[in-house]
Every structure is written in C-alpha cells, then in structure tokens.
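J.: Okay, handing you the structure first.
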Amino acid sequence: MAPVRRAGHGLTPAGELAWWSVAEGQRGRRWRESVAGPGGLRHALLLETDPAGRFLHLELATPAGLLTLHPEPDGTLHGNALAAGGLRHVEGLAWDPAGVVDVAGSPVSAAAAAHRLRNAVDAGASVTWTTLWITGELTVGVGPQRIERGEADTWRIAGGDGVRVDADALPVLRDGRSWPLDRDPAG
C-alpha cells in the first residue's frame, strides 16, 4: 500500500476553518493542523505517530502559549508548557503506549485516534481508552475516556464533536477539499 501523503481544509464540527496535512513514511505519520475561528488562530499542531499509530511527539501552539510532549521509554510523558506565567515542566505523567491523543477542537487528533483504533473498535461501538487530553489553555491530563465510533466512521472522544474520517483515517470536513502532497511526476 502506498504511503498516505495528503493535505486539505474545511470546516470543523464547531464551524472553525481547519487546514491539515498528513505525511506517512517508514517512521509513521506526521500530522499537521491549524484551526482558526472568529477570534483568530485557535491552535497549530504537529502530532507524530509511529507506523502502528502510537503517539511519539506533539508540538502545540495556542493563544495561551506553547506545549511540547513526548513519551519516554520508562512509560511516562515529558515536555514543557511555555505560557504567560512562565515555563512549566511536564514530567513523570504516567502513559500507556497504547493510548491516543485528544487536543480540544482538533480534527487531526481525532483522525489520528481513529487511525490507531480502527481495528480495535467496531462501527457503532465504543470503548474506554487511555487518552492524553489537552485544552487550548495547555492543561494536560491522562486518563480513561469514552471513544465512540459511529456507523459513518465518525469518531467522538469524551463526548466531544464527532469527526468523520475516510478510508485512510484522514479528516473529512464540511465544505472540505484535499489534495496529494506530492507533485504529479507528469506535471
């Protein structure tokens, strides 16, 4: 199967404009996204996952500041949050490598969770799964969250807005379009 390399844009379930790209390679997928609403930029996200869809690295910028996180071999998350109040270290937060990431208002984090869990959750079913959740204010937590997979391959994490994904687990947004990232060799 060819690597997934696409970009797109459209409206989130909350009506905000999202731009996204996914580049898949031997080391996994690099997901990128920016979301803007009436007040301007809501967030910009870089999320990296391994070939099995496990979380590897995250960089998030919001109006509140910057957050960087990654799992350590000892089963914990480490990183830091830089905000108006200064630098806050995130270290020793217990992490299950099978867990997924949920960034508030992010179609890409929901799509990455769908990519990770597609073979674990049947259509019309739900599971409780370890989730790293992050708010726009850079609050970070880990714990069990309900993840639902709807009949139309719509995924909902912790009761949030449902995000529909396509056969490659890429976000399908309202009024959206997508394009291949690579140039057509003939063009």
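J.: Say whether the condition of being surrounded by 15 or more Cβ atoms within 10 Å (Cβ to Cβ), of a type outside the set (A, V, I, L, M, F, W, C), closer than 23 Å to Ala18 by Cα and touching a Pro at 6+ places or on another chain (Cβ under 9 Å) is met by at least one residue in region 108-130.
T.: No: zero hits.
J.: From the list Thr62, Thr68, Thr49, exactly one residue is without any contact (Cβ under 8 Å) to a residue 40 or more places away in the chain, among the β-branched types (Val, Ile, Thr) and either out of contact with any Cys (no Cβ under 7 Å at 6 or more places or on another chain) or surrounded by 17 or more Cβ atoms within 10 Å (Cβ to Cβ) (or both). Which is it?
T.: Thr68
J.: Among the residues of region 77-93, what is the count of those that are within 24 Å of Ala112 (Cβ to Cβ) and either surrounded by 14 or more Cβ atoms within 10 Å (Cβ to Cβ) or modelled with pLDDT of 95 or more (or both)?
T.: Selection size over region 77-93: 8.
J.: Could I ask something else about it? If I go through region 158-187 residue by residue, how many of them are at positive phi and either buried (at least 19 other Cβ atoms within 10 Å of the Cβ) or in contact (Cβ under 8 Å) with a residue 24 or more places away in the chain (or both)? Reasoning before the result, please.
T.: First, the residues of region 158-187 that are at positive phi: 158-159, 169, 175.
Cutting the leftovers down to either buried (at least 19 other Cβ atoms within 10 Å of the Cβ) or in contact (Cβ under 8 Å) with a residue 24 or more places away in the chain (or both) gives us 158, 169, 175.
Number of matching residues: 3.
J.: Here's something else I'd like to know. So Asp184 clears everything in (1) part of a loop (DSSP other than H, G, I, E, B); (2) under 18 Å from the mean Cα position of the chain (by Cα) except one condition, right? Which one?
T.: Among (1) part of a loop (DSSP other than H, G, I, E, B); (2) under 18 Å from the mean Cα position of the chain (by Cα), Asp184 violates only (2).
The values are calculated or read from the model by the stated rules, or taken from the named source; none is laboratory data. The structure presented is a predicted model; accordingly, all values stated were derived computationally and were not measured. For neighbour counting, all protein chains shown are included, and Cβ atoms are generated from backbone atoms with ideal geometry for every residue, glycine included.
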